[in-house]
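Below: one structure, written as structure tokens.
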Amino acid sequence: MPRITVGIVGAGLCGLVLAIALEKYAPDVDFQIYESATELAIVGAGIAFQPRSWYIIQELGLEADMLKFTGDGSKDRVTLMYRKSDQKEGFILKEAEPTELQRTFHRGDVQRLLLEHIREKERIHLGKRFVGYTQPSDPSRPIELRFHDGTKASCDVLIASDGIKSNVREAMFTQLADAAQAAGNAEEAKVLRSYIPAVFSGASVYRGLIKREPIPEGQPRPFNMSHFMTYCGKNRHLVAYPVSQGRNLNVGAIVAFPGSEGKPYEGVWVEQVPKEEVAQHYQGWEPEVEDIIKNMTVFNKWAINMVKELPTFVDGRVALLGDAAHAMTPHQGAGAGQGFEDVILLARLLGQPAVKPDNITIALKIYDQLRRPFAQMIARRSLQNGDLHNLTAPTLNAVTPEMSATGSGFTREQLDMVGETLERLKDWRRGTTIEEDCQTALRLLSEQIPA
């Protein structure tokens, strides 16, 4: 008989990594994954790993297989280059030599590998769109899960990895709001309901790939690009880096719409758009950027939405992780990695023999105590990164797009500040590890639940 039963809603990257982590750290725990899709399509854009998140890949025994399709296939460190590009003659803002591990991948490659590494695939149940749960106050009684097809399931602990549009987050904060309303706290209930929908970040990204195999002899960038490039300009920027062993160049062209942030996005979240729509945003930019756009075949436009800073990731025996808890902008390249950090810490806690249904809330509170402040800090830094890439940080706002395009709108000191601040905002990656956080979590757990 399993020590704990875990219900996982969502079979995206975090749900799959959680399955692999539970198989390793909690073999006496039963888990089942419930996914709304009727098949697991292999989709996605680029994804980056830094030392903290790569440690998780190593811990779970995935490194050897992951290295078969990393970046350009030859480097474990990628030079980061930032250029001022919204003018005909661009120039380097900052070139950051690779002092830390940085690996890039196509998200579809990662998803395919994770699926291959789950030993008991029969635990994944497709076509199960989650609609709600009932959590008894008595921990000896299981949580009941309800699905759109009328079926039900039960578990001791419910983990939400169902993404930015999380139905579990909606159910959790609806229940919290209803309880506040019943207690006569109408304003608190209103605030709690405001955490349910994702909100627009104020920017959209045009994503796509350039197939570049074989690379024509003597071709300049973007065809022979090995750097992680960020082309900066007023109110927009473009990133490009190699994935899939260098066979493809991942491209993201980000356009900001100042003043539109902070409210639920009313339009289509993802749609295919013509190349001309993207090109018009980058007219007059340096030739390298224009070449990248010209060589694209398909662009998908994604509204960049995010989850507001939640007051909690847990309620009783229910926990949110990954994008369900802290969906963020892509400007730190850390969204997936932060979800993986949620997973590894939570799996380590659930793997402790002393954790049982009657005390699992203690483990979840420790998870919330350690992961929520850290993940939300990274989300804030990602927003700051975006402002710097778009040259819209507070100290740069006086310069208009027209002034910036002339090449004379910003002082050299202002532009140097951009490069220096971008590097400083990444200092959390250096000198810290998720293993330290896991050890802190296990220490706190042992203090509250003696073995």
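The values are calculated or read from the model by the stated rules, or taken from the named source; none is laboratory data. Because the structure is predicted, anything quoted here is derived from the model rather than measured. FYI the Cβ positions are ideal-geometry reconstructions off the backbone, even for glycines, and counts take in every protein chain you see. All accessible areas refer to the heavy atoms of the entire protein, side chains included, with ligands and DNA or RNA removed. Shrake-Rupley method; radii C 1.70, N 1.55, O 1.52, S 1.80 Å.
Annotations for the structure displayed:
- Subset of the range 255-282 that is of a type in the set (A, V, I, L, M), touching a Phe, Trp or Tyr at 6+ places or on another chain (Cβ under 8 Å) and surrounded by 15 or more Cβ atoms within 10 Å (Cβ to Cβ) - its residue that is modelled with the highest pLDDT: V255
- Subset of the range 244-254 that is in contact with a strand residue (DSSP E or B) (Cβ under 6 Å, 6 or more places away or on another chain) and at pLDDT below 90 - its residue that is nearest to K301 (Cα to Cα): N250
- Residues of the range 399-418 that are at pLDDT below 90 and either closer than 30 Å to P51 by Cβ or surrounded by 14 or more Cβ atoms within 10 Å (Cβ to Cβ) (or both): G407, G409.
- Pairs where the first residue, in the range 283-309, is within 26 Å of A375 (Cβ to Cβ) and at pLDDT 95 or above and the second is open to solvent by less than 60 Å² (accessible area, probe 1.4 Å) and part of a helix (DSSP H, G or I), C-beta under 6 Å, 6+ apart: V307/H326; E309/Q376
- A Cβ distance below 6 Å, combined with a sequence gap of six or more or placement on separate chains, defines the contacts here; from the range 165-189, residues that are within 26 Å of A327 (Cβ to Cβ) reach residues that are among the polar types (S, T, N, Q) and open to solvent by 20 Å² or more (accessible area, probe 1.4 Å) in the pairs A189/Q181.
- Criterion violated by L445 - all others in (1) part of a loop (DSSP other than H, G, I, E, B); (2) over 20 Å from the mean Cα position of the chain (by Cα) satisfied: (1)
- Any hit, the range 335-347, residues being in contact with a Lys or Arg (Cβ under 9 Å, 6 or more places away or on another chain), open to solvent by 10 Å² or more (accessible area, probe 1.4 Å) and under 27 Å from A256 (Cα atoms): yes
- Considering G61, G7, G15, the condition of being over 21 Å from the mean Cα position of the chain (by Cα) and open to solvent by less than 10 Å² (accessible area, probe 1.4 Å) is satisfied by G7 alone.
- Wholly enclosed helices (runs of 4 or more DSSP H) of the range 327-411 bearing at least 1 residues among the small types (G, A, S) and over 21 Å from the mean Cα position of the chain (by Cα): 360-389, 401-405
- Residue within the range 163-174 that is open to solvent by 20 Å² or more (accessible area, probe 1.4 Å) and under 12 Å from D315 (Cβ atoms) present: yes
- Put simply, of G71, G44, G61 the only residue that is on the phi > 0 side of the Ramachandran plot and at pLDDT 90 or above is G61.
- Tally, over the range 424-434, of residues that are open to solvent by 40 Å² or more (accessible area, probe 1.4 Å) and either in contact (Cβ under 8 Å) with a residue 40 or more places away in the chain or aromatic (F, W, Y) (or both): 3
- Looking at D291, D315, just one residue is more than 25 Å from A256 (Cβ to Cβ) and surrounded by fewer than 24 Cβ atoms within 10 Å (Cβ to Cβ), and that residue is D315.
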